[in-house]
Structures are given as C-alpha cells and as structure tokens.
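Read-outs throughout are calculated quantities, based only on the coordinates presented, and are distinct from any laboratory measurement. Because the structure is predicted, anything quoted here is derived from the model rather than measured. Glycine gets a Cβ as well: all are built from the backbone with ideal geometry, and neighbour counts include every protein chain shown.
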Amino acid sequence: MSTETPTRAAPEGPPPTKGVGRPGDRIFSGTALAAALMILVTLAGVAFFLSIEGWPAFTADPEEIPGDGGFAGFVSPLLFGTILVSALALLFAAPVAVGIALYISHYAPRRASKTIGYVIDLLAAVPSVVFGLWGLQVFAPYLGPAFYWLEENLGFIPFFAGPVADSGRVMLTAGLVLAVMILPIMTAVCREVFLQTPRLHEEAALALGATRWEMIKMAVLPYGRSGVISGAMLGLGRALGETLAVTLILAVNPTLITFNLISSQNSSTIPANIALDFPEATGLDVNALIATGLVLFVLTFAVNYLARWVASRGFSGAAG
C-alpha cells in the first residue's frame, strides 16, 4: 500500500494582485481618469469655440477682412512673424540649453550643479511681462551698438540690411528675449535625459581611453538625442504662444513680411496682434482675430504633439 500523500493541483491563472478592488484604488483610478477626460474636454471645447467663432472670417468676402487677399492674406504676415521670432529663439536657446545641461550633469561639482539647476528652474517662474519690460528698458538699448556693427559689416546679408532702429526694438531683440524665456524648459528636459544615460556606457567609453568630451560625444549625446529634440520642440511651442514680451518689445507692422532682423519695421506675431487689436475690434474683425487664434492653436498643438512623438519613440529605442 502506497503511503504517498496526494498533491493538490496548483490553481490556473496568475495569482491575484494585492490591493485590487480596494476603495482607495478605485477612487484614485477614477480621479485620474476624470482629470484626463477633463483635459481632453477642455481642449476640445477651446477648439470648438475657436472654430465656431472664427468660421465667419473664413467664409467672408475678402474685401471685408483687413489686409489684402482675404483671410489668407491677413494671417500670412502674422504667421510668418510668429514662426520667425520663435525660430530665432530656438536657434539661440538650443545650444545654450544643451551646454548648461551637460555642465550640470557631467562637469559641475554636485553642490554647484544643484545651485545652477535651481537658478535655471527659477527662470521659469518669472512672468513674461517682466521679461518684456527687461527687454524693452535694458536689453534693447544695450544691443543698439551691436546692431549698428552688424549693419556696417554684414549689411550685405538680408538679415542685417537695416536701417537700424535706434530704440533696439527689433525682431532680433525679441528673439533673444524669447530665448531666455524658453531656456529653463529646454535645459530641464536635456538635463534629465543626460542623467539617464546608462552608467555602463559611460564607464566603457572611459575604459577604452576616451576623454570626458569624447565619452559625452559617443555615449551621452546619442542616447539623449531624442530628449534634446523633444525639449527643443517644447521650447518652440512655448515661444509660439508668447504674447506680452513680444508686444512690449516689437514695433510691429501687421502687414509686413521681412527677413530683416534689425530694421525699425518688424513683422507682427499672432499673439501680439490679438493683444493689440482685440480691445477695439468689432464685428467681423473679432472673428478674424479669433480665426488667427485658431491657426496658432493648430500650430502649437502640432509642435507639442511632434515633441511627444519624438520623445516616446526616442526613449523606447534607447531603452531597447
């Protein structure tokens, strides 16, 4: 007679997860879902409002819309100025942001890196109107001699053809101020990505005899490429929607399209034009301004969506 004790078969399926179905978990899950849906509903509501209120401008007689050529002729100079000043800001801010992020993550002592990181992050808390006043009262007059030098020595380039504005309120000044404004978000993204570089990759490069810069060039920058691109796109989206700083600095002409960055005649931007004209606009002019807001909404949404897409693809590839 066998004395073996029969064994009980193990239950099929994965073991139950601890905590599933608790009231706290259900409340937290529902709250998070409600917050996400609220964001989507708000975004859809803004898009619906802009579309409904701006539609009369799309279908109106071209002669009733300010400018030449109907709504397309009205929004084209504004869209050009918006993209130009934002591109200038991105051009100036991107190298500085990458340099600061590399210094904080791989060069600076721990205490210095924390201090510099706090200072850079604090720039994000400065209101845009403060940046605008600083650019108008301090930065623009200070850059005047540099603009005259650019006109005298590089005037053959259309960007610096002049004549120079004595006040310094030109497109180049606005681009530099916007570069300072978008610097914190770009630096923060780049810094976090560079700090996530696998330590083994860095040590392997150093073990092969690479210098610190060669290690950064071979290990850190390739790993953080997608983060740098996504940070740049987020900064670009921030610059596209800036209103007060550009409004205070630029002496604008809403119908002008020019690549001259130091001239007294500057292209306007969509946010600045709305801020200047909306208080006195009536009738169809209001619909035209709202329609330009819809154009800016679509442009900013596309830029931020592109940034998220690049970041998600890049990080998944780096992790794999």
Using only Cα atoms, tell me the angle between helix 225-240 and the longest principal axis of the chain; keep it within 0 to 90° and round to the nearest 10.
40 degrees
Please sort 24-32, 101-109, 230-238 by packing, taking for each peptide the average over its residues of neighbouring beta carbons within 10 angstrom, highest first.
230-238, 101-109, 24-32
Gain on full stretching of the segment that runs from VAL96 to VAL298 - 0.36 nm per residue minus C-alpha separation:
69.9 nm
Phi to ³J(HN,Hα) by Karplus 6.51 cos²θ - 1.76 cosθ + 1.60 over region 75-85, Hz, x for Gly, Pro:
8, 4, x, 5, 5, 4, x, 4, 5, 5, 5
Got a sec? Which residues in region 90-131 would a label at ALA146 touch, if it sits 7 Å along Cα→Cβ and we count backbone N under 16 Å?
90-97
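Looking only at GluC sites (Glu not before Pro) in DSSP loops with at most 11 other Cβ atoms within 10 Å, what is the longest site-free stretch of the chain? Could the numbers behind the result be given before it?
Numbers: sites that count: GLU4, GLU12.
Longest stretch, sites excluded: 13-320.
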Site ARG212, offset 7 angstrom along Cα→Cβ, radius 11 Å on amide nitrogen, limited to region 92-110, gives 103-110
Listed peptides 156-164, 175-183 by packing density, highest first (mean Cβ within 10 Å)
175-183, 156-164
More than 32 angstrom separation, counting every C-alpha pair in the chain; what % is that?
47 percent
Pairwise label distance in nanometres, THR115 with ALA87, each label 7 Å out on the Cα-Cβ vector
4.0 nm
